[in-house]
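Enquirer: Before anything else, here's the structure in question.
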Amino acid sequence: MPLFEFIKTSRKSEQPLVLTGFDIQLQNPLFDGAWLKDKVMAGRLAEAEQKLSGYSAGTDLAAYRQEKKQLIQVYKDALKSLKTEANEAHLKLLYPDNPKLTTLLERSLNDRIRVAEEYVEISIESTLGMESGDYTPFLKSMEWRDQAMLDNLMWLATEVYPTEKFIVWGHNDHIRKAQTEVMGSPYPVALMGEQLSDEMKKYSYVLGLYPASGKTADNMGNVHDVLPAEPGSMESILSAAGAPYTFIDLRYRNHESGNSWMFEPRFAYSWGMIPESFVPRDQYDGILLIDNVKPPEYIRSSASSKSSAPAED
């Protein structure tokens, strides 16, 4: 919470912390079109978002393929409406402190077109595959999504905010350095952090975030207990500090007496409940352990408020 308070208070400072996003996952409709001056177009966009979200989470591949072209056209029309002089003036009036908003919205709409063209069908095939016990399409969907996230992140870092420092906040699986080397992971594919170029890895510091106890929630808002730390696990070692928050650096440590656990396979829980094993120093530059965590209260956008499922945190 202090971080989000700082984001708000820093907006008027000389060094504001700007919150933006890079994920393409269509878990819930997000575009409500309020930033479009053309309200008819805004309504069409909001309706298309509802449909695209529904298809993405569903299994009716034939129905989607029948409506796919029309949905893509809505996003193309919204893109044209966004770039009109009238809409430029509308955005400046609504958001005078965000001169990059048109650029970001243009990227977002183009992302939606890519998602509609490729990812929704991959997502449907993933759901169908999981129902029949075939996880190959699901892993394909994970790779597609993480490549798209990496593309967006690199675009933000090199074109939109080329001189800024970044805090990239995502699940451990998405940001760590060598996801394919993690034993026991349900996602044994190269995700965003592993796909990062060697040049960008050199300028990054990857921080793993782990709970020791409490309750967490999945992307659908279902609450789960954090499992008790196993003796000898990464969580139990860090918990020995007896502090509510424990940070330890891995990147600048040499292998010496007392820290061999950093350099050898070690048991840990992903999301506080999925057993894994990995070499901590090969995956992270540092670890932050929170002794007791609480599930988040999910924030819904106006476009997703009609949906029964919460938005991704």
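The values are calculated or read from the model by the stated rules, or taken from the named source; none is laboratory data. Quantities reported herein were computed from a predicted structural model and do not represent experimental measurements. Cβ: placed from backbone, ideal geometry, glycine included. Neighbour counts: every protein chain shown. Areas reflect the complete protein model, heavy atoms only, side chains present, ligands, DNA and RNA absent. Shrake-Rupley method; radii C 1.70, N 1.55, O 1.52, S 1.80 Å.
Enquirer: Within segment 47-71, restricting attention to residues that are among the hydrophobic types (A, V, I, L, M, F, W, C) and buried (at least 19 other Cβ atoms within 10 Å of the Cβ), which residue is nearest to Phe138 (Cα to Cα)?
Expert: Of segment 47-71, the ones among the hydrophobic types (A, V, I, L, M, F, W, C) are 48, 52, 57, 61-63, 71.
Checking which are buried (at least 19 other Cβ atoms within 10 Å of the Cβ) leaves us with 48, 52, 71.
On the way: Ala48: 24, Leu52: 18, Leu71: 24 Å.
The extreme case among them is Leu52.
Enquirer: Examine segment 288-301 for a residue that is modelled with pLDDT under 95 and small (Gly, Ala, Ser), and state whether such a residue exists.
Expert: For segment 288-301, residues modelled with pLDDT under 95 and small (Gly, Ala, Ser): present.
Enquirer: When segment 197-209 is examined, which residues are found to be open to solvent by 30 Å² or more (accessible area, probe 1.4 Å) and of a type in the set (A, V, I, L, M, F, W, C)?
Expert: Passing the criteria: Met200, Leu207, Leu209.
Enquirer: What number of residues in segment 146-180 are acidic (Asp, Glu), in a helix (DSSP H, G or I) and loosely packed, with under 14 Cβ neighbours inside 10 Å? Reasoning before the result, please.
Expert: Our first condition is that a residue be acidic (Asp, Glu); within segment 146-180, this holds for 146, 151, 159, 164, 173.
Restricting the remaining residues to those that are in a helix (DSSP H, G or I) gives 146, 151, 159, 173.
Next, from what is left, pick out any that are loosely packed, with under 14 Cβ neighbours inside 10 Å: 159.
Qualifying residue count for the region: 1.
Enquirer: Does Glu118 meet the test of being open to solvent by 20 Å² or more (accessible area, probe 1.4 Å) and over 18 Å from Arg65 (Cβ atoms)? Explain how you work it out, then say what you get.
Expert: Values: open to solvent by 20 Å² or more (accessible area, probe 1.4 Å): yes; over 18 Å from Arg65 (Cβ atoms): no.
So Glu118 fails the test.
Enquirer: Right, here's the next one. Somewhere in segment 78-93, is a residue in contact (Cβ under 8 Å) with a residue 12 or more places away in the chain, under 23 Å from Tyr119 (Cα atoms) and open to solvent by less than 60 Å² (accessible area, probe 1.4 Å)?
Expert: Yes - at least one qualifying residue is present in segment 78-93.
Enquirer: Hey, could you check segment 121-145 for residues that are within 26 Å of Ser197 (Cα to Cα) and of a type in the set (D, E, K, R) and say which is least open to solvent (accessible area, probe 1.4 Å)? Full working, then the answer.
Expert: So the first thing to find is which residues in segment 121-145 are within 26 Å of Ser197 (Cα to Cα), and the list is 122, 136-145.
Remaining after also requiring of a type in the set (D, E, K, R): 140, 143, 145.
Details: Lys140: 113, Glu143: 84, Arg145: 15 Å².
Here the answer is Arg145.
Enquirer: Oh, and also: Among the numbered criteria (1) farther than 25 Å from Tyr161 by Cα; (2) out of contact with any helix residue (DSSP H, G or I) (no Cβ under 6 Å at 6 or more places or on another chain), which one does Thr103 miss?
Expert: It fails just one condition, (1).
Enquirer: Could you please give the count of residues in segment 36-46 that are surrounded by fewer than 17 Cβ atoms within 10 Å (Cβ to Cβ) and either of a type in the set (A, V, I, L, M) or part of a loop (DSSP other than H, G, I, E, B) (or both)?
Expert: Initially, segment 36-46 is screened for residues surrounded by fewer than 17 Cβ atoms within 10 Å (Cβ to Cβ), giving 39-40, 43.
Those left that are additionally either of a type in the set (A, V, I, L, M) or part of a loop (DSSP other than H, G, I, E, B) (or both): 40.
Total meeting the criteria: 1.
Enquirer: Also: Can you pull out the residues in segment 1-34 that are open to solvent by less than 50 Å² (accessible area, probe 1.4 Å) and touching a Phe, Trp or Tyr at 6+ places or on another chain (Cβ under 8 Å)?
Expert: Ile24, Leu26
Enquirer: Among (1) touching a strand residue (DSSP E or B) at 6+ places or on another chain (Cβ under 9 Å); (2) among the hydrophobic types (A, V, I, L, M, F, W, C); (3) part of a helix (DSSP H, G or I), where does Trp261 come up short?
Expert: (1)
Enquirer: Okay, moving on. Looking at (1) in a helix (DSSP H, G or I); (2) under 18 Å from Lys83 (Cα atoms), which one does Phe6 not meet, given that it meets all the others?
Expert: So Phe6 meets the others, but not (2).
Enquirer: Among (1) within 28 Å of Phe263 (Cβ to Cβ); (2) loosely packed, with under 14 Cβ neighbours inside 10 Å; (3) without any contact (Cβ under 8 Å) to a residue 24 or more places away in the chain, where does Met183 come up short?
Expert: Every condition holds for Met183 apart from (3).
Enquirer: Just one of the numbered conditions (1) crowded, with 17+ Cβ neighbours inside 10 Å; (2) in contact with a strand residue (DSSP E or B) (Cβ under 8 Å, 6 or more places away or on another chain); (3) more than 21 Å from Phe166 (Cα to Cα) is not true of Asp218; which one?
Expert: For Asp218, the failing item is (1).
Enquirer: Report whether or not Ile287 is of a type in the set (Val, Ile, Thr) and surrounded by fewer than 18 Cβ atoms within 10 Å (Cβ to Cβ).
Expert: no
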